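The structure appears right after this line, and notes come after that.
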Amino acid sequence: MDAEALDELAGQLQGEALGGRGLLQLAATTGLAAYAVWAAVLMPGFRRVPLRLQVPYVPSSAQQVANVMGLLRGRTGKTADLGSGDGRLVIAAYKQGLRPAVGYELNPWLLWLARYRARKAGYHEKVSFLKQDLWKANLSDCYNVIVFLAPGVKPPLAAKLLAELPDEARVVAGRFPFPSWPPSSTIGQGLEQAWAYDMKEVRRAARSGTGCAL
């Protein structure tokens, strides 16, 4: 596949939320028969995750990326994007000095896309995209965590983050907040909105009874 075809495929993958039907349509338009077989039969990453914890791929808008980076401005340390999709947030984090920057993603084609984007931008060996279940990842050394996940995933994820993250960590949620956590700050409106949560404040609120840990 030449560079022009790769760019076309990358653009199609980035431009829409992909479910099983979307993957099949993409396969049909690009002529990737093996991709269609994978989409229809295997759906890597999804069969290993309980249905209630599955999250469809919806790419972040430029404004959502800007809002997340605004809430992480001035911070340092390891940054993780949980369900990193096409990698745009990980690349943006690295550009802002949040290093190391790591994305966790199970979908192999989104991993391919993220690595392709990083290579094209000149960051191929500077950012990492890991094919790893975010529920099994050890986040104890992360000081910045980005979460663009569905509302139903937030309660079990909140328990994981509370158990693993250091007090100095900040969690930034896009599109949907953690309903029982007190945000330290927020920016944007509607689906562009992002919320920042400082773990020390979340734990303090839980201990005082002014906020529920989950």
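A few comments on the model shown:
- Sites residue 132 and residue 208 - FRET efficiency at Förster radius 30 Å, r taken between beta-carbons, to 0.05: 0.30
- Protein accessible area in region 90-214, 1.4 Å probe - carbon and sulfur %: 53
- Estimated vicinal HN-Hα couplings, Hz - region 110-126 in sequence order (Karplus 6.51, -1.76, 1.60; Gly, Pro = x): 5, 4, 4, 5, 4, 5, 5, 4, 5, 5, 5, 7, x, 10, 4, 9, 10
- Neighbours of residue 97 by Cβ distance under 11 Å: Lys/Arg scored +1, Asp/Glu scored -1, total +4.
- Quarter the surface of the alpha carbon convex hull of region 95-214 and you get the mean projected area, 7.9 square nanometres.
- Rolling a 1.4 Å probe across the protein heavy atoms gives region 121-214 an accessible surface of 47 Å² per residue.
- Peptide packing: for 195-202, 138-145, the average count of neighbouring Cβ atoms within 10 Å per residue gives the ranking 195-202, 138-145, highest mean first.
The values are calculated or read from the model by the stated rules, or taken from the named source; none is laboratory data. Note that the structure is predicted; figures quoted are calculated from it, not measured. As a convention, Cβ positions derive from the backbone with ideal geometry for all residues, glycine included, and neighbour counts pool all protein chains shown. Heavy atoms of the whole protein, side chains included, go into the accessibility calculation; ligands, DNA and RNA do not. Shrake-Rupley method; radii C 1.70, N 1.55, O 1.52, S 1.80 Å.
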